[in-house]
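Q: Following this message is one structure expressed as structure tokens.
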Amino acid sequence: MNKKTMRILVEAGALKKIRIVARGSRFYVEAVTAKDTLIAETGRGKIRTWATIDAAARWVHSIGVGKVLLSLDQWQPAQQEISLADPDKRKIVQEQMDV
């Protein structure tokens, strides 16, 4: 889900929760709707990640969200970055977050 679409969902009140999730040394954003969990993506369809919490928080604020949940249980600041661009890896991350 790209930034423009996410902003439209925020304005429509369709999002139940927004989470900033730490995975390894990076952060990504999940948006929970009544039916699905969406992950913020780039314009090219790759998972949008940030190196710092404050960068992710600025992005969330820019789409009109003032409150977020922060999940740090899988944060490993010293861990080398893992690419989530592969659709199979993205599916694994989504499945693990649903547990």
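Q: May I ask you to derive the FRET efficiency for residue 25 and residue 67 from their Cβ-Cβ distance with R0 = 22 Å, giving the value to the nearest 0.05?
A: 0.35
Q: Using a 7 Å offset from the Cα along the Cα-to-Cβ direction at both residue 35 and residue 3, what is the distance between the two label points in nm, to one decimal?
A: For residue 35 paired with residue 3, the spin-label model returns 2.8 nm.
All of the numbers you see were taken from the coordinates with simple rules; none came from a lab. The shown structure was predicted, so the numbers you read here are calculated from the model rather than taken from an experiment. Positions of Cβ are generated from backbone atoms using ideal geometry, with glycine treated the same way; all protein chains shown enter the neighbour counts.
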